[in-house]
């Protein structure tokens, strides 16, 4: 395990054909920190998250998570990562409970633990009453809540969240803040892409600002994220 | 083969069966397609009894392979469209477990269609397809082309022209299955002595094993970006 951080990224680049999406990124995130990933649409935030969870391969550069290199040691890293992506990554023809049971089996959660964790999480995301409803009948916000439960089910060391507030109402946003605060306090490292510059989550320590595929700021998250974002983007 | 491998395979298969039970999307389309194919061939060959007897094993296998194309494509497309393929790839399970899970699901769906087709064809064409050896040939043949079909459907589903790509890629590769399965079924249906058709069944089983090993080794590369 490196002394620098849970996540270490060095000279990371990603190209799709001739198009360069990420250029020479260098940053680290310490264990237990929460880093906000900021940037305009198309700046490469989702691509960076896909690279960090091993769903995509870098064109060049190094990614280390918990001391393991990606993609060479991806199988060791996968069990540590929880991903909340743009799409819910759920099965529409299964119920909320069946979805969580399925992923619990894939993550080798002991059968004795499964029911407890599943029911706790369904209650925490406010879906206990709809546990036996099919996901295809869920609204976007309900799917987002269930996705969050899926991402937290195996108690990951690293949470990667791509626009997690999308589709959530104000109660949902408060629920998400509560769950992420609890996860952060329990030592979970969080990287979260967001457009919500108007408020900095209390648990956010660090900001990473992307502009045109380059990292233009990597440092402490200021209270006024909008001003930090404007300043970093202007200096790029 | 460790315990987690088997748990993951069982979870993927039961998830596919449960989802299909609720939607009836795959088996319904496959069954309807194969039923229509068999009926069309039945009318086309109605006047010529000899041609009908000669063609029956070909009709069975062509109907099954074309119906399975619908199923393989849809089975993987559902994973891709809902984004759940990413969730599977993110889970700490071996790619082989994902392959075997999807393969068994696809194979079971195609076998269900085959089990409906055999009595129907027996009634329509007046030949005995409800025979232990014919059933065994069907199971081995369906498993064989499900192996290669699952691999190629996973490849095709990641492209924009997935509906067109799968048949183009699968049909030539399926030829060894088609030839051996048709020969074996034809021998069984015509009442020929086992020495005449058993070699085709053995060949079908050998090709299936070779393709299975090949696909297990290749699957993780197919899943990588």
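The values are calculated or read from the model by the stated rules, or taken from the named source; none is laboratory data. Only a predicted model underlies this, so the values are computations on that prediction, with no experimental measurement involved. No Cβ is skipped: glycine too gets one built from the backbone with ideal geometry, and neighbour counts run over all protein chains shown.
Looking at residue B:58, is it surrounded by fewer than 20 Cβ atoms within 10 Å (Cβ to Cβ) and at pLDDT 90 or above? Criteria met by residue B:58. Set side by side, the residues A:181, A:189 differ, and just one is touching a residue at least 12 places away in the same chain (Cβ under 8 Å), under 26 Å from residue A:79 (Cα atoms) and surrounded by fewer than 20 Cβ atoms within 10 Å (Cβ to Cβ), which is A:181.
From the list B:36, B:26, the lone residue that is touching a helix residue (DSSP H, G or I) at 6+ places or on another chain (Cβ under 6 Å) and more than 10 Å from every other protein chain (Cβ to nearest Cβ) is B:26.
Return a yes/no flag: does region B:8-18 have any residue that is away from chain A (no Cβ under 14 Å) and crowded, with 18+ Cβ neighbours inside 10 Å. Looking for residues that are away from chain A (no Cβ under 14 Å) and crowded, with 18+ Cβ neighbours inside 10 Å, one finds none in region B:8-18, hence no.
Screening residue A:37 on (1) within 13 Å of the chain's Cα centre (by Cα); (2) surrounded by fewer than 23 Cβ atoms within 10 Å (Cβ to Cβ); (3) not in a loop (DSSP other than H, G, I, E, B) shows it passes everything except condition (2). Under the condition of being without any contact (Cβ under 8 Å) to a residue 12 or more places away in the chain and within 12 Å of chain B (Cβ to nearest Cβ), the residues counted in region A:109-146 number 3.
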